[in-house]
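Scroll down for the structure; my scribbles are underneath it.
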Amino acid sequence: MTDVVQLEAIHKIYDSGEIPVHAVRGVTLTIRGGEFVAIMGASGSGKSTLMNLLGCLDRPSKGRYLLGGTDVSGLDRNQLADLRNQKLGFVFQGFNLLSRTTARENVELPMLYGRRHYSSREIHERALRSLDIVGLSNRADHFPSQLSGGQQQRVAIARALINEPQILLADEPTGNLDSKTSVEIMGVFQKLNEQGITIVMVTHELDIARYCRRNLIMRDGRLVSDVQVTDRLVATVEMQRLLAAEAEAKLTD
Amino acid sequence: MRFINVIKVALRALRRSAMRSVLTALGIIIGVAAVIAMVSIGNGAKSQVEASIASLGQNIISVFPGSNNSGGMRGGWGSASTLTVEDAAAISAEVAGVVAVSPEMRDRNQVLANGLNWNSQILGEDVSYIDIRLWTIAEGEMFNELDVRSATKVCVIGKTVAAQLFPDSDPVGQNLRIRNIPFRIVGVLNAKGFNFFGSDQDDIVIIPYTSHIKRIARRPNLNSILIQAQSPEQMATIQQDITDLLQQRRNGRDPDFTVRNQQELAEAATATTKTMTVLLGAIAGVSLIVGGIGIMNIMLVSVTERTREIGIRLAVGAHGRDVLTQFLIEAIILSVMGGALGVLLGIGASQLVSKLNGWPVLVSTSAIVGAVAFSAAIGVFFGFYPARKAAQLDPIEALRYE
């Protein structure tokens, strides 16, 4: 598989305050196509900053960032917007869906901002296909307020997938979810990853990171650990175990 | 983003806070309505003044005698008695573009008839007089050329005189007496009402000018000459030609006459009402600007409220320009819808005012087009700052906004 992401000695310094904050101090990292990476670290370790850099929401102060082989560190605001639109998919902790906008319309959103124009029928069909991937095609016309947290996050995943991005970025995607729903969402990610989609996610939960294939740990703006996950959890198995435990709890109750 | 989608998103956002949108638009609604109502009422007043001036007759030029200077004491305009019937004839014969000429004699006298009496204005005129003044006969007919040539004792009377002297009977065919001379009434004029200066135009007895000279005034000099020009464009030329002709007829003596143009009077009167219209419109325009500030205020609130939404849009690939367009369109929709409702309200208000005051109301198309275009411009102007603020948001900051 080719290298999707190549970071070369990336630095990020915020100098808006009185004291410049050196949030990322020289991260060099390669992520290959089809990988499933978890970035972990305490708060203030720079993992969110690194995520913003990977997601082209922010530009590095120093260093080179190659996305799919092209250098993106020097692009302007609009070029970055186009990159986010075409090559990247975002999933946030707080779902970040537009309220009073149906699930389908939320999923369509990135296509509306694409530089290519599609017919509204094509947009419609692709949104439904994307919702189908996350198993929500029957909820297409529901508003976010009518969906559970897990369902909302699946809509967000469908939105991230609609432009067939090279990489799916998830910032604490299970942070707002209970443990069972978290497993459900990780199941969606694992399924997508098996289909060949590259996923990078930030989490601070160790057991969530165990669903991924590779774990990175950051501390003080540096990568301090980079290991392949050996005792990997499988969401479908974990889900069955949870259901069984629930059933047992009811029996003994 | 496609334009149709931008409109859809904007409409949805406005519907979401419908009450707020309506209240915001209300500023523009009232502003536009006020501009249209004020301009319409102003135009109505102007047209009424114009109509009252037009009722004096169309394209009228008057020649008055000059001032009299006897032993160093100078009389006012018209005090000289130098205007003659020959002058009138010369104008009629020699000046091109003149449609009608009527030598005028004027006098106030007691009029007796039917055992009643009434002090009225006695006018000596030619047959063409009622045509020049756009007057019509209600009953009977106007005296004719022959009456003028032979100085017949006939008259036509105004409605007021008819009402005062013949309260119960038909005046046509009866006699009235001026200076004890009987005049046979051949016609009654239609009512013309009060003129621009407030005097009753129907309080009048018109006799042939020849009869007036011979029997009433008993002097050969005219009070004035009434001239109708063919078209308003020719007025200035004709006025000059008349001046030249009369000057020539006086063989180089000082000019003892003055030529006046009715248009000057009309222009002065309409200028006044025009000033009023502009003034009222300007005051109403201020309320439009206040309405625009209301839009700006609400758009700023809206941008702050929807910071997260903006962040999402930017994160999934919206350019700053897309966000700018979206908020700008929202502001424009607000102001244009306000403008459209304001037009309806303004037309309604001007109709109401016209009903209450009995004025003609002219809803001017230019005021409508102007007000709507102006309200759209206000949307752009006052919507731009909030929209630009939204477009320049940093996506990370915006997504983090609570």
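The values are calculated or read from the model by the stated rules, or taken from the named source; none is laboratory data. The shown structure was predicted, so the numbers you read here are calculated from the model rather than taken from an experiment. Here the Cβ is made from the backbone with ideal geometry for all residues, glycine too, and neighbour counts use every protein chain on show. Surface accessibility is based on the protein's heavy atoms, side chains included, excluding ligands, DNA and RNA. Shrake-Rupley method; radii C 1.70, N 1.55, O 1.52, S 1.80 Å.
Out of B:Arg313, B:Arg321, I need the residue that is within 14 Å of chain A (Cβ to nearest Cβ), surrounded by 19 or more Cβ atoms within 10 Å (Cβ to Cβ), part of a helix (DSSP H, G or I) and basic (Lys, Arg). Which one?
Details: B:Arg321 fails: surrounded by 19 or more Cβ atoms within 10 Å (Cβ to Cβ).
That would be B:Arg313, the only listed residue that is within 14 Å of chain A (Cβ to nearest Cβ), surrounded by 19 or more Cβ atoms within 10 Å (Cβ to Cβ), part of a helix (DSSP H, G or I) and basic (Lys, Arg).
Within the set of pairs 6 or more residues apart or between chains, which connect a residue that is more than 9 Å from chain B (Cβ to nearest Cβ) inside segment A:87-99 to a residue that is part of a loop (DSSP other than H, G, I, E, B) and buried (at least 19 other Cβ atoms within 10 Å of the Cβ) with Cβ atoms less than 8 Å apart?
What qualifies is A:Lys87/A:Pro165; A:Val91/A:Pro173; A:Gln93/A:Glu172; A:Gln93/A:Pro173.
Looking at segment B:139-168, which of its residues are among the polar types (S, T, N, Q), open to solvent by 50 Å² or more (accessible area, probe 1.4 Å) and over 23 Å from B:Ser199 (Cα atoms)? Quick ask: steps written out before the conclusion?
Restricting attention to segment B:139-168, the residues satisfying the condition of being among the polar types (S, T, N, Q) are B:144, B:150, B:152, B:160, B:164.
Subsequent filtering for residues that are open to solvent by 50 Å² or more (accessible area, probe 1.4 Å) retains B:144, B:150, B:164.
Scanning segment B:139-168 gives B:Asn144, B:Ser150.
Would a scan of segment B:260-269 turn up a residue that is outside any helix (DSSP H, G or I) and open to solvent by less than 70 Å² (accessible area, probe 1.4 Å)?
Within segment B:260-269, the first condition is being outside any helix (DSSP H, G or I), and the residues that meet it are B:260-261.
Still in the list and also open to solvent by less than 70 Å² (accessible area, probe 1.4 Å): B:261.
Yes, segment B:260-269 contains at least one residue that is outside any helix (DSSP H, G or I) and open to solvent by less than 70 Å² (accessible area, probe 1.4 Å).
When A:Arg64 is evaluated against the numbered criteria (1) more than 14 Å from every other protein chain (Cβ to nearest Cβ); (2) more than 16 Å from A:Leu7 (Cα to Cα), which criterion, by number, is the only one it fails?
All conditions pass for A:Arg64, except number (2).
Every residue, every condition in (1) modelled with pLDDT of 90 or more; (2) aliphatic (A, V, I, L, M); (3) assigned to a strand (DSSP E or B), yes or no:
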{"residue": "B:Val188", "(1), (2), (3)": "yes, yes, yes"}
{"residue": "B:Phe197", "(1), (2), (3)": "no, no, no"}
{"residue": "B:Ile206", "(1), (2), (3)": "yes, yes, yes"}
{"residue": "B:Ile213", "(1), (2), (3)": "yes, yes, no"}
{"residue": "B:Arg219", "(1), (2), (3)": "no, no, no"}
{"residue": "B:Leu226", "(1), (2), (3)": "yes, yes, yes"}
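Could we say that B:Val290 is more than 14 Å from chain A (Cβ to nearest Cβ), assigned to a helix (DSSP H, G or I), in contact (Cβ under 8 Å) with a residue 40 or more places away in the chain and open to solvent by 60 Å² or more (accessible area, probe 1.4 Å) here? Before the answer, list the steps.
Details: more than 14 Å from chain A (Cβ to nearest Cβ): yes; assigned to a helix (DSSP H, G or I): yes; in contact (Cβ under 8 Å) with a residue 40 or more places away in the chain: yes; open to solvent by 60 Å² or more (accessible area, probe 1.4 Å): yes.
Yes: the conditions hold for B:Val290.
Against the conditions (1) farther than 23 Å from B:Asp394 by Cβ; (2) in contact with a strand residue (DSSP E or B) (Cβ under 7 Å, 6 or more places away or on another chain); (3) open to solvent by 20 Å² or more (accessible area, probe 1.4 Å), where does A:Pro60 fall short? Just the number, please.
Every condition holds for A:Pro60 apart from (1).
Give me a count of the residues in segment A:15-36 that are surrounded by 14 or more Cβ atoms within 10 Å (Cβ to Cβ) and not basic (Lys, Arg). Step through it out loud before you land on a result.
Initially, segment A:15-36 is screened for residues surrounded by 14 or more Cβ atoms within 10 Å (Cβ to Cβ), giving A:21-27, A:29, A:31-36.
Filter again for not basic (Lys, Arg), leaving A:21-24, A:26-27, A:29, A:31, A:33-36.
Going through segment A:15-36 one residue at a time, the tally reaches 12.
Within the set of pairs 6 or more residues apart or between chains, which connect a residue that is within 15 Å of B:Pro208 (Cα to Cα) inside segment B:127-140 to a residue that is in a helix (DSSP H, G or I) with Cβ atoms less than 9 Å apart?
B:Val127/B:Glu145; B:Val127/B:Asp147; B:Val127/B:Val148; B:Tyr129/B:Tyr209
Go through segment B:172-202 and give me each residue that's closer than 15 Å to B:Leu116 by Cα and open to solvent by 30 Å² or more (accessible area, probe 1.4 Å).
Of everything in segment B:172-202, those that are closer than 15 Å to B:Leu116 by Cα and open to solvent by 30 Å² or more (accessible area, probe 1.4 Å) turn out to be B:Gln174, B:Asn175, B:Arg177, B:Arg179, B:Asn180, B:Pro182.
Which condition number in (1) open to solvent by 60 Å² or more (accessible area, probe 1.4 Å); (2) among the small types (Gly, Ala, Ser); (3) away from chain B (no Cβ under 14 Å) is the one that A:Ser45 fails?
So A:Ser45 meets the others, but not (1).
Could you list, in sequence order, the residues of segment B:196-221 that are of a type in the set (S, T, N, Q) and over 18 Å from B:Val156 (Cβ atoms)? Please lay out each step first, then the result.
So in segment B:196-221, the residues of a type in the set (S, T, N, Q) come out as B:199, B:201, B:210-211, B:221.
Once the filter is applied, which keeps residues that are of a type in the set (S, T, N, Q) and over 18 Å from B:Val156 (Cβ atoms), segment B:196-221 yields B:Ser199, B:Asn221.
Sort through A:Gln240, A:Gln195 and tell me the only one that's surrounded by 11 or more Cβ atoms within 10 Å (Cβ to Cβ) and either farther than 26 Å from A:Leu50 by Cα or out of contact with any Ser or Thr (no Cβ under 8 Å at 6 or more places or on another chain) (or both).
Values: A:Gln195 fails: surrounded by 11 or more Cβ atoms within 10 Å (Cβ to Cβ).
Going through A:Gln240, A:Gln195 in turn, just one is surrounded by 11 or more Cβ atoms within 10 Å (Cβ to Cβ) and either farther than 26 Å from A:Leu50 by Cα or out of contact with any Ser or Thr (no Cβ under 8 Å at 6 or more places or on another chain) (or both): A:Gln240.
Which one is nearest to the chain's Cα centre (by Cα) among residues in segment A:100-120 that are more than 15 Å from A:Leu161 (Cβ to Cβ) and either more than 10 Å from every other protein chain (Cβ to nearest Cβ) or open to solvent by less than 20 Å² (accessible area, probe 1.4 Å) (or both)?
Step one: filter segment A:100-120 for residues more than 15 Å from A:Leu161 (Cβ to Cβ), giving A:100-102, A:105, A:112-113, A:115-120.
Then keep just the ones that are either more than 10 Å from every other protein chain (Cβ to nearest Cβ) or open to solvent by less than 20 Å² (accessible area, probe 1.4 Å) (or both); that gives A:101-102, A:113, A:116, A:119.
Details: A:Thr101: 22, A:Thr102: 21, A:Tyr113: 20, A:Arg116: 24, A:Ser119: 28 Å.
Looking at residues that are more than 15 Å from A:Leu161 (Cβ to Cβ) and either more than 10 Å from every other protein chain (Cβ to nearest Cβ) or open to solvent by less than 20 Å² (accessible area, probe 1.4 Å) (or both), I get A:Tyr113.
With the checklist (1) within 26 Å of A:His124 (Cα to Cα); (2) open to solvent by 20 Å² or more (accessible area, probe 1.4 Å); (3) in contact (Cβ under 8 Å) with a residue 60 or more places away in the chain in hand, flag the one item A:Ser145 doesn't pass.
Only one criterion is unmet by A:Ser145, namely (3).
Given the conditions (1) open to solvent by 40 Å² or more (accessible area, probe 1.4 Å); (2) more than 7 Å from every other protein chain (Cβ to nearest Cβ), which single one is not true for A:Asn78?
(2)
So the check is Cβ under 6 Å with 6+ separation or different chains; which pairs have a first residue in segment B:391-402 that's more than 9 Å from chain A (Cβ to nearest Cβ) and a second one that's surrounded by 15 or more Cβ atoms within 10 Å (Cβ to Cβ) and of a type outside the set (A, V, I, L, M)?
From residues that are more than 9 Å from chain A (Cβ to nearest Cβ), the pairs are B:Ala391/B:Gly320; B:Ala398/B:Thr307; B:Ala398/B:Gly311; B:Tyr401/B:Thr307; B:Tyr401/B:Arg308.
Which residues, taken from segment B:229-240, are of a type outside the set (Gly, Ala, Ser) and open to solvent by 30 Å² or more (accessible area, probe 1.4 Å)?
Looking only at segment B:229-240, we keep the residues that are of a type outside the set (Gly, Ala, Ser), and these are B:230, B:232-235, B:237-240.
Residues satisfying the conditions are B:Gln230, B:Pro232, B:Glu233, B:Gln234, B:Thr237, B:Gln239, B:Gln240.
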